[in-house]
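Just so you know, all these numbers are worked out from the coordinates, no wet-lab data involved. Nothing here was measured: the structure is a model prediction, and the numbers come from that model. Virtual Cβ from ideal backbone geometry, glycine too; neighbours counted across all protein chains shown.
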């Protein structure tokens with residue numbers, strides 16, 4: 001009788017362990033989606049219209065959110081993740097170097113910024129639904145410099161050219 005009890009106990013624990021493993025796996029999937037989004041953003045994908053389709057598949061958004069500037073970061077780190085029934089949240093910490101605003105230029109603002117990525121279960125796959133707070137692109141310094149040089153080459157307005165040249169100088173690049 002005791003042996004039968006042990007067998008029944010073992011058999012009832014197997015599905016519970018499977019559900020626990022599936023939850024861990026889904027948590028890893030949510031982190032992987034956010035990690036991919038952050039890596040592509042860091043590489044400047046949101047700055048270019050033709051790169052957006054590669055990021056779009058990670059989100060529920062129809063279009064790349066409008067932005068009037070970008071944040072220059074040296075790194076990002078995925079922190080904790082929490083999962084609900086059909087939702088998940090992954091926190092990311094950015095090491096901020098400064099911010100560039102169209103028409104205003106670059107301002108060095110060293111510090112850190114934490115963002116919560118809220119994900120939604122869409123057809124058994126995680127998709128980024130929202131960010132808190134909503135953020136503009138967060139790009140690496142080399143990608144920011146490349147974008148600024150391209151913008152400078154195309155810019156005709158003298159005041160905007162000066163702002164772009166100053167931003168490049170402030171980032172330690174020659175125009």
In nm, to one decimal, how far is the modelled label at residue 63 from the one at residue 27, with both set 7 Å along Cα→Cβ? 3.8
In terms of the ratio Rg/(2.2 N^0.38 Å) built on C-alpha atoms, what value belongs to the range 68-175? 1.30
Mind giving me the FRET efficiency for residue 36 and residue 102? R0 is 35 Å, r the Cβ-Cβ distance, nearest 0.05 is fine. 0.85
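Within 10 Å of each residue's Cβ, count the other Cβ atoms and sort 152, 48 from fewest upward. Please report the intermediate quantities before stating the final value.
Values: 152 17, 48 13.
So the ranking, lowest neighbour count to highest, is 48, 152.
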Given labels modelled 7 Å from the Cα in the Cβ direction, how far is it in nm from residue 124 to residue 154? 4.2
Between residue 134 and residue 79, how high is the FRET efficiency from 1/(1 + (r/R0)^6) when r is the Cβ-Cβ distance and R₀ = 25 Å? Nearest 0.05. 0.85
